[in-house]
Amino acid sequence: MAGIALAGAGAVGTVWMHAIWATSGVRGYVLVADADKAGVTNNNLNRCPLFRTASLGRPKAAEAARLSASTCGPR
């Protein structure tokens, strides 16, 4: 796999990111984009498994990429 573009870093998008990084043998990069201007909010915490309270206010795409990379490491 050369790469994946993922539109949306909300409830569904963050689950897909986790699944992509956790899949054995997957190589390449993931481009994450999210247009939500509010960033991570309290409403996201119960639906988005990657986000924590420390994520509040941060841009969703950048925070999801940061947390996924720190948890699963680069490939």
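No value in this document is a laboratory result; all are computed from the given coordinates. Please read these numbers as outputs of a predicted model, since none were measured by experiment. Positions of Cβ are generated from backbone atoms using ideal geometry, with glycine treated the same way; all protein chains shown enter the neighbour counts.
A cut-off under 12 angstrom between Cβ atoms defines the neighbours of SER70, and their net charge, with Lys, Arg +1 and Asp, Glu -1, is +1.
Considering all alpha-carbon pairs of the chain, what whole percent are spaced by more than 17 angstrom? Cα-Cα pairs in the chain separated by more than 17 Å: 36 percent. Distance between the modelled labels on LEU31 and ARG58, one decimal in nanometres: 2.3 nm (7 Å Cα→Cβ projection).
If you run the Gaussian network model on the chain, springs between alpha carbon atoms under 10 Å, then out of ALA65, ALA19, ALA33 the most flexible one is ALA19.
For ILE4, nonlocal amide neighbours, meaning residues 5 or more places apart or on other chains whose placed amide H falls under 5 Å from its own, are TYR29, VAL30, LEU31.
What is the sum of charges around ALA54, taking Lys and Arg as +1, Asp and Glu as -1, for the other residues whose C-beta is under 13 Å from the C-beta of ALA54? Net of charged neighbours comes to +2.
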